[in-house]
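The structure appears below as structure tokens.
What follows draws every value from the coordinates through simple rules; no lab data is involved. These numbers were taken from a predicted model, which means no experiment stands behind them. Cβ coordinates were reconstructed from backbone atoms using ideal geometry, including for glycine residues, and neighbour counts include every protein chain displayed.
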Amino acid sequence: MPGKSVIRLENVWKIYQMGEVKVEALRGLSFEVSSGEFVAIEGPSGSGKSTAMNMIGALDYPTKGSVYLDDHDISRLSESQLAVIRGRKIGFVFQQFNLLANLSALENVELPMMFQGVAVSARRERARQLLVSVGLGERLMHKPSELSGGQQQRVAIARALSNDPEVLLADEPTGNIDSRTGREIMKLIAGLNRQGKTVVMITHDRSLAKLADRIEHLKDGRLA
Amino acid sequence: MKDYLLFSWNSIRHRGLRSWLTIVGIVIGVAAIVSLITIGQGMSNAIEEQFEKLGIRNIRIVPASLHGPPTSFFTLPNEIIGKTEAISVVEYVDVAMIESGTLEFNKEEKFVQVWAVDVKLADRGFADLDVMAAEGRLFLPGDSGVMVLGSTVAEEEFDKAISAKNNVVFQDNKFRVVGVFAETGTEIDSRVYIPLQDARDIFNRHDDINAMVVHVKDGVSVGDAQQQIERELLRSFDDEDFDILTPEQILSQINTILGAVQAVFAGIAAISLLVGAVGIMNAMFTSVLERTREIGVMKAVGAKNSHIAIIFLSEAGIMGAAGGAIGIAVGTALAFAVGFAAQAFGFPFLSIKVDPVIVIAALIFSFLVGAVSGLLPAMQAARLKPVDALRYE
Ligand SMILES: Nc1ncnc2c1ncn2[C@@H]1O[C@H](COP(=O)(O)OP(=O)(O)O)[C@@H](O)[C@H]1O
Ligand SMILES: [Mg+2]
């Protein structure tokens, strides 16, 4: 049941200055995601998918245009205000998992809660519950290097959920794992969406994109 | 904050030995500081203890240009004794002539320092110095040809211990030992004492002495007494003839020497700390570079710039404190070693103690040195753009 607008991009441009050359990664992208939706963004390599995700996820500032999160323009907030938004409202899942190598699965999931000042005992318990819910109840103390790719991505999903964000942003979450495990990860994400989580997922894989409510095609920095 | 310290500790634990080597400078610096302070304290404790034993209310009059303990070479004229005794703040004056000579006992000969004192006053002077007879008695008015021995001379110098009533020969003159001093822990232990008149005859010195101890009347401040004595004596003597030393002045003379030694140590400490600080800074820059991607991830999951700065600052601080902890251990061990060495060389007074205040202060200090060294790397880490950091390979 799609509801109010959670994410809205209005004529967003992102231009990277590479020495002499300007790279226009986003060229007037406009785009909206409603609460509870599952949107897949598809497009060829270099079409600006990751850049778009950086905008949605408050990781970077647009060169031009506005980004609204819950109808607030976040493109003019300070770095530390953006950090708070990333910590509380966004959950990132990356292609390369991006777990901290020195930390156990449990500590990795605790990390976003630590930055929000959640007390140790509370965050440890929540991290444990989240890891149980993604099927890693037996792997709490394992380091990332002791886990398979699929397991690492599950830890990353649990970490993304730790501060109960409004939006889960996944950039090619199955790109680094085999296709069978990839389907399991997709089921996990689809299940989270059924429980009400808004999901924006970037993918190459058409068959995986079909799980989404809506598929958007990105080409040369704007929707095709 | 505790969270971040634990977090930083965790990442330090995963570092290689190479990074640990960078704290050697901190170890040496803190070791130098701790041993310096600990030995310095031990020394000044020892010195003050000595002075307390020698009487804190006594003023010494010594020949001018004397810079160490009194010796036979520098002399005061006899006339100064009477002039000093006549000053109103003076209770009485102990005089000493210092000589050395051969002491013969039981067919053994030893070279000893002899202090010759006025037997009329000796009892009182010794009592004021808290020196007592362990055996026999001290001097009586009219004594001649008698000797009182320091405890080391009596008990250790000769194969056979000398006791009261033994006869000895000093510079070919027969003496009867009438007493032995109780051990004092000071130089007195290794001296022998004889009546002043006997020394004048033996060494043919009838016109001078080597030192005077002036006992100030009760209720008069030592400083005031010193000024008055100086004023009075300058009427009859030249200021090149004598020096008046209060215990404080002697202490400050010694402290000047200590200060020079301390300056050298402090220099070593400063250089080592600088080397250590640069080492930590370098290690932290490397760490920031190696963990660029991690920093990006932490920012993506909600870390503010300040969180990142705190993580790297506490990491640098912990490295500093770790170096400091080792340095404290090394420095304390060094101080004890010096204490034992001093004992072996005959200075049993250097009392080395571990002062918890110094330990805690050194830990905090080394943490701060580390944190300050980590300031620039931490700022660099904090300022990384999340997107750039995440793209870093
Ligand atoms: N930080 C950056 N600096 C310079 N160019 C960049 C940067 N990030 C992305 N680009 C360029 O922008 C374009 C879009 O990149 P990206 O959003 O990563 O595409 P996708 O994720 O669809 O493969 C590409 O040409 C890429 O090289
Ligand atoms: Mg991409």
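Annotations for the structure displayed:
- Using C-alpha pairs below 8 Å separated by at least 6 residues, the relative contact order for chain B is 29 percent.
- Principal-axis analysis of the Cα atoms of chain B puts helix B:305-344 at an angle of about 20° to the longest axis.
- In order through segment B:279-294: 3J(HN,Hα) via Karplus (6.51 cos²θ - 1.76 cosθ + 1.60), integer Hz, x for Gly, Pro: x, 5, 4, 4, 4, 6, 4, 4, 4, 4, 5, 4, 10, 3, 4, 4
- Summing charges over neighbours of B:Met284, with a neighbour being any other residue whose Cβ is under 12 Å away from its Cβ, gives 0 when K and R count +1 and D and E count -1.
- Values of log10 I(q)/I(0), in the order q = 0.17, 0.19, 0.21 Å⁻¹, for segment B:175-330 under a Debye, Cα-only, solvent-free model: -1.19, -1.28, -1.35
- Near B:Glu156: Cβ cut-off under 12 Å, other residues only, Lys/Arg at +1 and Asp/Glu at -1. The net charge is -3.
- Placing dummy labels 7 Å off each Cα toward the beta-carbon, the span from B:Phe203 to B:Leu368 is 5.4 nm.
- 10 Å Cβ neighbours from other chains, averaged over peptide B:302-309: 6
- Rg [Å, one decimal], Dmax [Å, integer] - segment B:230-312, C-alpha atoms: 29.3, 89
- Other residues within the sphere of radius under 15 Å centred on the Cβ of A:Val200, judged by their own Cβ, net out at -3 (K and R +1, D and E -1).
- Nitroxide proxy distance, nm - points 7 Å out along Cα→Cβ at A:Lys4 and B:Phe285: 5.0 nm
- Working note: Cα atoms of segment A:131-171, range along each principal axis, descending, whole Å: 30, 20, 13.
- Packing, as the average of other Cβ atoms within 10 Å across residues, places the peptides A:168-176, B:159-167 in the order A:168-176, B:159-167, highest first.
- Inter-label distance, A:Gln116 to A:Arg76: 2.8 nm, where each label sits 7 Å from its Cα along the C-beta direction.
- Counted residue by residue at 0.36 nm each, then reduced by the alpha carbon distance between them, the extension gain from B:Arg391 to B:Arg231 reaches 49.1 nm.
- Each principal axis of the Cα atoms in chain B has its own extent, and those three values, largest first, are 100, 51, 31 angstrom.
- Taking every Cα-Cα distance in chain A and sorting them into 5 Å bins from zero, the calculated P(r) comes out as 1, 7, 15, 18, 20, 17, 12, 7, 3, 0, 0 percent.
- Each Lys and Arg Cβ is given +1 and each Asp and Glu Cβ -1; about its Cα centre, segment B:65-240 then shows a dipole of about 480 debye.
- log10 of Debye I(q)/I(0), alpha-carbon scatterers only, for the protein assembly as shown at 0.05, 0.08 Å⁻¹: -0.47, -0.70
- Diffusion coefficient, µm² s⁻¹, Stokes-Einstein with Kirkwood Rh over alpha-carbon pairs of segment B:65-240 at 25 °C and 0.890 mPa s: 144 µm²/s
- Scoring B:91-98, A:14-21 by mean Cβ neighbours within 10 Å over their residues and listing the highest first yields B:91-98, A:14-21.
- Dividing the radius of gyration of the alpha carbons in segment A:93-224 by their Kirkwood radius gives 0.98 for Rg/Rh.
- Per-q log10 I(q)/I(0), segment B:254-375, q = 0.13, 0.15, 0.16, 0.23 Å⁻¹ (Debye; single scatterer per alpha-carbon; no solvent): -0.66, -0.80, -0.86, -1.30
- Added length on full extension, which subtracts the Cα-Cα distance from 0.36 nm per residue, A:Asp178 to A:Glu24: 52.2 nm
- Number of partner chain Cβ atoms within 10 Å, mean per residue of A:54-60: 3
- Once the Kirkwood radius over Cα pairs is known for segment A:25-132, the Stokes-Einstein relation at 37 °C and 0.692 mPa s delivers a diffusion coefficient of 205 µm²/s.
- Helix B:222-236 and the longest principal axis of the Cα set of chain B meet at an angle near 50°.
- Using a cut-off of 24 Å between Cα atoms, the listed pairs A:Lys4/B:Lys299; B:Lys2/B:Lys299; A:Lys89/B:Lys385; A:Lys219/B:Lys304 include A:Lys4/B:Lys299; A:Lys219/B:Lys304 as exceeding that distance.
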